[in-house]
Amino acid sequence: MKDGSWIGSNTYLNLKNKEITVWQVVLLHRNEQNVPTHISVTALDISTNKALEKEIELNRIKSEFVTNVSHEFRAPLTIFRTSMEILDIYLKKLKIDLPEELIKRLQVIDKEIDRLTYVITEFLTVGRMESGKITVNKKEISIIPIIQNSINRIALMNKNERQIDLTITGEPSILLLDEILMMHILDNIIANAIKYSKERKAPEVMVKFEKEQTLIIVKDYGIGIPNQEKIKLFSSYFRGSNTKNIKGNGLGLVLVKNFVDMQNGKISLVSEENVGTTVTIEFPSITVQ
């Protein structure tokens with residue numbers, strides 16, 4: 001009555017018994033004699049905004065939790081890795097012939113330490129990305145050595161796997177990219193191509209240098225992606241319904257897409273279940289003078 005107005009939000013139950021939040025502006029109107037005559041109310045349903053705020057906050061809490069837990073796991077994993085290396089050196093010095101079964105188990109432990117370290121690194125990278133702590137350091141680079149190094153790294157991690165062929169077409173161009181981000185992008189999509197096409201034809205990596213852009217294509221002949229699930233591909237923690245027996249965390253493609261976007265690139269994916277998947281990444285080319 002004194003101020004003649006009120007602005008704020010209230011929560012109500014609507015006719016469907018659903019809770020909604022409404023932003024309101026209430027005005028008290030007076031006549032020429034300054035006598036209150038009526039009240040007008042302008043209301044705006046901001047339930048969607050409130051839900052979005054809650055989702056953002058929950059995502060922030062989840063991200064912090066995952067980051068903290070990942071840090072906690074990283075320390076013991078480092079100890080395990082160091083202990084395995086010391087054990088290996090010690091056994092070589094003693095020249096002890098271990099039983100084949102024990103050798104296999106030690107190899108499994110070694111591989112699982114590498115896998116867990118990689119997973120934790122991905123979790124931490126997602127946390128840094130969501131908090132805006134990843135910076136892009138572009139420079140002029142030749143992409144071929146980086147791709148070849150990724151192929152070699154994946155081959156080293158997946159011993160006794162199929163040979164991945166690299167095909168290059170067109171006149172090589174210089175690209176303006178972040179080398180570290182590109183290593184992560186390439187490692188991820190090439191590793192996926194291997195992982196999701198076990199016991200099938202080997203994946204292929206192609207680089208097409210065109211006049212205005214360069215295309216990096218990774219093609220596999222694996223399990224593919226169910227058609228109805230393709231829309232969720234770049235969502236955090238999403239994994240296809242046909243990947244239940246294959247290890248993964250559903251973060252790889254999320255990071256890949258974000259890292260491609262951060263470098264002004266484009267990524268597309270074509271897939272058919274039980275036929276295979278083709279990932280195409282496109283970056284603007286810099287013509288060599």
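Remarks
- Filtered residues of the range 151-160 (kept if without any contact (Cβ under 8 Å) to a residue 40 or more places away in the chain and either in contact with a helix residue (DSSP H, G or I) (Cβ under 7 Å, 6 or more places away or on another chain) or in a strand (DSSP E or B) (or both)): ARG153, ASN158
- Subset tally (residues that are in contact with a Ser or Thr (Cβ under 9 Å, 6 or more places away or on another chain) and part of a loop (DSSP other than H, G, I, E, B)) for the range 11-34: 2
- No other residue among ILE46, ILE61, ILE113 is surrounded by 13 or more Cβ atoms within 10 Å (Cβ to Cβ) and either at pLDDT 80 or above or under 30 Å from THR11 (Cα atoms) (or both) apart from ILE46.
- Contact map, the range 207-232: residues that are touching a residue at least 40 places away in the same chain (Cβ under 8 Å) and in the same structural domain as THR167 (by TED's automatic domain parsing) paired with residues that are among the aromatic types (Phe, Trp, Tyr) and assigned to a strand (DSSP E or B), Cβ distance under 9 Å, separation 6+ or inter-chain. Pairs shown: GLN213/PHE283; THR214/PHE283; LEU215/PHE209; LEU215/PHE283; ILE216/PHE283.
- In the range 73-100, the residues that are touching a helix residue (DSSP H, G or I) at 6+ places or on another chain (Cβ under 9 Å) and either in contact (Cβ under 8 Å) with a residue 24 or more places away in the chain or within 13 Å of LEU116 (Cβ to Cβ) (or both): PHE73, ARG74, LEU77, THR78, PHE80, ARG81, MET84
Residues are listed down the side, and each one gets a yes or a no for (1) at pLDDT below 80; (2) assigned by TED's automatic domain parsing to the domain that holds THR117:
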| position | (1), (2) |
| --- | --- |
| ASN10 | no, no |
| LYS16 | no, no |
| VAL41 | no, no |
| VAL69 | yes, yes |
| TYR90 | no, yes |
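For every residue, the table says whether it meets (1) surrounded by fewer than 18 Cβ atoms within 10 Å (Cβ to Cβ); (2) at pLDDT below 90; (3) outside any loop (DSSP other than H, G, I, E, B).
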position: PRO172; (1), (2), (3): yes, yes, no
position: MET183; (1), (2), (3): yes, yes, yes
position: GLU199; (1), (2), (3): yes, yes, no
position: MET206; (1), (2), (3): yes, no, yes
position: LYS211; (1), (2), (3): yes, yes, no
position: ILE216; (1), (2), (3): no, no, yes
position: ASN249; (1), (2), (3): yes, yes, no
position: LEU253; (1), (2), (3): no, yes, yes
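The values are calculated or read from the model by the stated rules, or taken from the named source; none is laboratory data. Every value quoted in this text rests on a predicted model; they were computed, and no experiment measured them. Every residue, glycine among them, receives a Cβ derived from its backbone with ideal geometry; neighbour counts consider all protein chains shown.
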